[in-house]
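So the structure is just underneath, and the comments pick up after that.
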Amino acid sequence: MNCILRGVRVIDPLARRDAEGQDVWLSEGRIIAIYKHMGEGNLPVIDLTPPAGRTPVILCPGFIDLHTHLREPGDEGAETLHSGSQAAAAGGFTQVLAMANTVPPIDTPERVKEATFRAVAASVQVLTGCALTKSLQGEELVEMEACAAAGAAAFSDDGRNAFSPRLLSEAIGCAATIGRPVLIHPEDEETLAQVNNVQGPVQRCPLRPVEAETRAVDFALRALAHAGKGHVHLQHVSAAASVEMLRRAKEGGANVTAEATPHHLGMWLPFANEPHPPGLLKVNPPLRTDRDREALVQALRDGVIDAVATDHAPHRVEEKALPFDRAAPGMIGLELALAICITLGGMGGDWIPTLVDRLTIGPFRVLGPSSGVREPRLRIGEAATCVLFDPAAEWTVEPAHLRSASQNTPLLGARLQGRVLMTLVDGALVHHDRQRLPWPAPTGAETVRA
Ligand code: NCD
């Protein structure tokens, strides 16, 4: 790769740069220069200049996902570090935070160390998420300091919410001293057990009312206030009522942040085309109403919701084929995130700079500098970590073309807009659309990583 990409819009939120009609000189995984008009000399030029009135192709820092399930160890039939990181690269994500609800869970310093070591082989940077409580049971905190020292970027019992407000408050205080956020899956398990009339696990229970979420948000905000320090991050917020609580808490000065998933920003029930099997629509928290969806989109725009996070949750076919009330919850998201936000969430057009912000510096700020997350910047002359995408390109979601080892999305066969053309991580080409970027096969420094 040694060429000029012509006619690109360059967005670098931290540098406050947003300029159309740029020529980008790429060489051996580095951005050598960005100019308005570059004399090409002997360099090949790939002209990406859009026809009049069409949105240009965008170059920006790589996306950061705060919420990825990679299933390794324990459920490699659903996803592996390799397949999941390939899916991340195809979706423009260059850093992902892996959730700890693997089998066994990542809940000891040794497991954190192993997971962090394994992650080095991935094609994107995988940050290790560590459980907040042992086995995610909500009874005993993990050794937070030792886990952070072993490489834990953040703490979350994602998938579960079994801790008491008192334990949560203790965890928030401890995390504050080591500069890590506490990420919370806000679905109150007691409420879920009651409405579903069960005594055992509630993860697959189908009835998940808004009150389960608002109650958990309330507990989390109280625990934060009680701790008197620290940072709480609410995962996959899904309801308008939670957005209001969040807005008020932020106005009151609470150190709370939140994410919304592409599926909650783009889909609602009843779903236009009932997928087969119906379990493909099952996700925790569930898709809600269009009013909830609109409130999330507005909150993302206002900055009340800080980041888009995929909650990429791959599951094996047989887990999704079960009757709805027993099917595994979750959807894949890494490869679809950008297109869902643009096509179904209405975040194309003048939304694009905000969307880029919420996919790059939004999640960067949530994780904070001690986590090990890298600053999303386009740096001239350095090995690049960036994404090139075409917000207007249309494509069909075909199972055979997905890099994830799982295909559990209700959008199979859907026609979407917004396509990643290239992803670079530390100068390595980890994803590349050969048709749109027809440069010679990579060699040497450009070799595609793992
Ligand atoms: C996630 C999973 O499958 O691990 N499922 C889901 O429906 N979102 C867990 C979670 O994020 O809640």
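The values are calculated or read from the model by the stated rules, or taken from the named source; none is laboratory data. Being a predicted model, the structure only gives us computed values, none of them experimental. With ideal geometry, Cβ positions are generated from the backbone for all residues, glycine too; neighbour counts draw on all protein chains shown.
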Item to check | Selection count, region 384-402, where residues are surrounded by fewer than 19 Cβ atoms within 10 Å (Cβ to Cβ) and either assigned to a loop (DSSP other than H, G, I, E, B) or touching a strand residue (DSSP E or B) at 6+ places or on another chain (Cβ under 6 Å) (or both) | outcome: 5
Next on the checklist: When the residues of region 403-428 are narrowed to those that are part of a loop (DSSP other than H, G, I, E, B) and of a type in the set (Gly, Ala, Ser), which ends up surrounded by the fewest Cβ atoms within 10 Å (Cβ to Cβ)?
Outcome noted: GLY413
Item to check | From MET331, MET347, residue being in contact (Cβ under 8 Å) with a residue 60 or more places away in the chain, buried (at least 22 other Cβ atoms within 10 Å of the Cβ) and under 26 Å from GLU211 (Cβ atoms) | outcome: MET331
Item to check | LEU265 being in contact with a Leu (Cβ under 9 Å, 6 or more places away or on another chain) and free of Cβ contacts under 8 Å to residues at least 40 places away in the same chain | outcome: no
Next on the checklist: Exactly one condition in (1) modelled with pLDDT of 95 or more; (2) in a loop (DSSP other than H, G, I, E, B); (3) crowded, with 17+ Cβ neighbours inside 10 Å; (4) not assigned by TED's automatic domain parsing to the domain that holds ASP350 is false for THR49; which is it?
Outcome noted: (3)
Checklist entry - Can you find a residue in region 196-212 that is part of a loop (DSSP other than H, G, I, E, B), among the charged types (D, E, K, R), in the same structural domain as LEU269 (by TED's automatic domain parsing) and at pLDDT 95 or above? => result yes
Next on the checklist: Just to check your reading of the model, which residue among PHE163, PHE219 is touching a residue at least 12 places away in the same chain (Cβ under 8 Å), crowded, with 22+ Cβ neighbours inside 10 Å and of a type in the set (Phe, Trp, Tyr)?
Outcome noted: PHE163
Checklist entry - From LEU97, LEU66, LEU81, which residue is within 16 Å of the chain's Cα centre (by Cα), more than 14 Å from the ligand (Cβ to nearest atom) and not hydroxyl-bearing (Ser, Thr, Tyr)? => result LEU81
Checklist entry - How about region 323-366: which of its residues are within 15 Å of the ligand (Cβ to nearest atom) and not hydrophobic (A, V, I, L, M, F, W, C)? => result ASP325, ARG326, PRO329, GLY330, GLY333
Item to check | Members of region 303-322 that are more than 9 Å from the ligand (Cβ to nearest atom), assigned to a loop (DSSP other than H, G, I, E, B) and touching a helix residue (DSSP H, G or I) at 6+ places or on another chain (Cβ under 9 Å) | outcome: GLY303, VAL304, ILE305, ASP306, ALA309, THR310, ALA321, LEU322
